[in-house]
Amino acid sequence: MMHSGKRIVYLDRLKTFMTILVILHHTAITYGGAGDWYYVDPGNDGVSETILTIFTTVNQTFFMGLFFFISGYVTPSSYDRKGGARFLSDRLLRFGLPILAYMTVIGPLVNGISQGFNGSFASYAAHDLLTDSWRGIVEFQVGPLWFLVALLLFCGGYALYRQAADKLSVRFGMREISPGPRLFFGYLLAVSLGNFAVRLVYPVGETFFSLQLGYFPAYIALFFGGIAASRGRWLEKLTAVEARRWRTVALIVLVLLLAVLAFGGAADDISPYMGGWTWQSAVYSAADPVLGFALSYGLLVYFRDARNHPYGKYTAWLPGAAFAAYIIHPLFVTGVTYAMRHWTIFPLLKFGIAAALIVPLTFAAAGMLKRVPGLKKGL
């Protein structure tokens, strides 16, 4: 992860860790966790669904938001080095080409895998692949690459701001803002209210051009918060003492949220929590950013203080493969879990075995893709 021309090792490690979490998240959905995925194993049970839903619910509060924060953190230095035109063209190529590849090739293949290719791959390739490729473009089916779509929009917004600021010779005083209780409370209040308001129109689970707008108040705030953090050197000011406090907050909020879900009718009908004029939506709209912020603060401090050292000889390639792994992981998540569909074992054990196969396979394939001439720079 580059910032001001220098690699930040602990952010590389954190990015790799979160990419693994994304892979595990989608594998968990396959075996009963809450969420939407291409293939869901038919042999899931209530215990597995409960445990994996807790896992996916906690993940959802922080992991994509933290991706946006880190992306925002490295954005100003990239713009400063390249200038507006090159910054936007580089982002368009780096994000746009994988999005196009996903819509036309990866997504259709994942769809085909999830249906067993309706008989054989040869038949699917001959009769359905081209049709599905066009459908992927027309219906804008980008799967997990919605993240790159959002990043393109956010980077475009930042470039417009910089262009306007340059013409007016003004700058938002980001260096003067320091991370502290007032700023954090303001963020949590604004995102909680934003969540509730947006979810009146777009409840969690509903998409607009593949974007779940119900989570976007936090994503927008965290991306531009990352920009402010970069200018104000916030990551150097986060403390281990505060991280411990936020970990306590995370535990308390998680316990309370699970209690509310358990006794608030979530087992019978989850929809009141997803949006609308309901107390359940208000609770989830507030708990979601608080838990996510607390976990993100703790992870940033932990990786900065305990994991800020170079990778070993045999693992140095992992950070460079993380972006490619994110792009291609649906192929392996769906392929491995579909291949295991006839295994009649406890779903949690099945999840563990699948994850132990999927993560190394995905990163190994990503590492090989990085060696292909013409792909190394783009991935």
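The values are calculated or read from the model by the stated rules, or taken from the named source; none is laboratory data. Note that this is a predicted model, so its numbers are computed, not measured. Reconstructed Cβ throughout: ideal geometry from the backbone, glycine too, with neighbour counts over all protein chains shown. These accessible areas exclude ligands, DNA and RNA; they are computed on the full protein's heavy atoms, side chains included. Shrake-Rupley method; radii C 1.70, N 1.55, O 1.52, S 1.80 Å.
Summed over region 29-66, the residues that are touching a Lys or Arg at 6+ places or on another chain (Cβ under 7 Å) and surrounded by 23 or more Cβ atoms within 10 Å (Cβ to Cβ) give a count of 1. Scan region 80-96 and give yes if some residue there is closer than 30 Å to His127 by Cα and in a helix (DSSP H, G or I), otherwise no. Yes, because at least one residue in region 80-96 is closer than 30 Å to His127 by Cα and in a helix (DSSP H, G or I). Among the residues making up region 144-154, those that are under 15 Å from the mean Cα position of the chain (by Cα) and open to solvent by 30 Å² or more (accessible area, probe 1.4 Å) are Trp146, Leu152. With respect to being of a type in the set (Phe, Trp, Tyr) and surrounded by 14 or more Cβ atoms within 10 Å (Cβ to Cβ), Trp277 falls outside the description. State all residues of region 128-143 that are open to solvent by 50 Å² or more (accessible area, probe 1.4 Å) and in a helix (DSSP H, G or I); if no residue qualifies, say none. Result: Leu130, Thr131, Trp134, Arg135, Ile137, Val138.
In region 95-105, the residue that is farthest from Leu145 (Cα to Cα) out of those that are open to solvent by less than 70 Å² (accessible area, probe 1.4 Å) and without any contact (Cβ under 8 Å) to a residue 40 or more places away in the chain is Thr104. Within region 67-78, the set of residues being aromatic (Phe, Trp, Tyr) and either open to solvent by 10 Å² or more (accessible area, probe 1.4 Å) or not in a helix (DSSP H, G or I) (or both) comprises Phe67, Phe69, Tyr73. Being at positive phi, surrounded by fewer than 20 Cβ atoms within 10 Å (Cβ to Cβ), touching a helix residue (DSSP H, G or I) at 6+ places or on another chain (Cβ under 9 Å) and in contact (Cβ under 8 Å) with a residue 60 or more places away in the chain is a condition met by at least one residue of region 106-127. Residues that are over 9 Å from Ala325 (Cβ atoms) and either open to solvent by 80 Å² or more (accessible area, probe 1.4 Å) or not hydrophobic (A, V, I, L, M, F, W, C) (or both) within region 362-375 comprise Met368, Lys370, Arg371, Pro373, Gly374, listed in sequence order.
Taking first residues from region 8-36 that are at positive phi and without any contact (Cβ under 8 Å) to a residue 60 or more places away in the chain and partners that are part of a helix (DSSP H, G or I) and β-branched (Val, Ile, Thr), the Cβ contacts under 6 Å between residues at least 6 apart in sequence or on separate chains come to Gly35/Ile29; Gly35/Thr56.
Just checking, how many residues over region 208-229 are among the small types (Gly, Ala, Ser), farther than 15 Å from Ala197 by Cβ and open to solvent by less than 20 Å² (accessible area, probe 1.4 Å)?
So the count comes out to 4.
Cβ-Cβ distances below 9 Å connect the following pairs, each with a first residue in region 306-319 that is outside any loop (DSSP other than H, G, I, E, B), a second residue that is open to solvent by 80 Å² or more (accessible area, probe 1.4 Å), and a separation of six or more residues or different chains: Pro319/Arg7. Given Ile345, Ile358, which one is assigned to a helix (DSSP H, G or I), under 23 Å from Ile51 (Cα atoms) and either of a type in the set (Val, Ile, Thr) or in contact with a strand residue (DSSP E or B) (Cβ under 7 Å, 6 or more places away or on another chain) (or both)? Only one candidate passes the filter, namely Ile358.
Right, Gly157: open to solvent by less than 40 Å² (accessible area, probe 1.4 Å), of a type outside the set (A, V, I, L, M, F, W, C) and under 28 Å from Thr61 (Cα atoms) or not? So Gly157 passes the test.
Just one of the numbered conditions (1) in contact (Cβ under 8 Å) with a residue 60 or more places away in the chain; (2) part of a loop (DSSP other than H, G, I, E, B) is not true of Pro289: (2). So, in region 299-316, of the ones that are more than 21 Å from the chain's Cα centre (by Cα) and either over 22 Å from Leu66 (Cα atoms) or of a type in the set (Val, Ile, Thr) (or both), which residue ends up least open to solvent (accessible area, probe 1.4 Å)? Ranking the candidates gives Gly312 first. If you filter region 247-261 down to residues that are over 21 Å from the mean Cα position of the chain (by Cα) and open to solvent by less than 70 Å² (accessible area, probe 1.4 Å), you find that the one that is modelled with the lowest pLDDT is Leu261. Restricting to region 230-246, name every residue that is in contact (Cβ under 8 Å) with a residue 60 or more places away in the chain and either of a type outside the set (Ser, Thr, Tyr) or buried (at least 18 other Cβ atoms within 10 Å of the Cβ) (or both). Ser230, Arg231, Leu235, Leu238, Ala240, listed by residue number. With respect to the conditions (1) out of contact with any Leu (no Cβ under 7 Å at 6 or more places or on another chain); (2) surrounded by fewer than 21 Cβ atoms within 10 Å (Cβ to Cβ), His26 lacks only one, and its number is (2).
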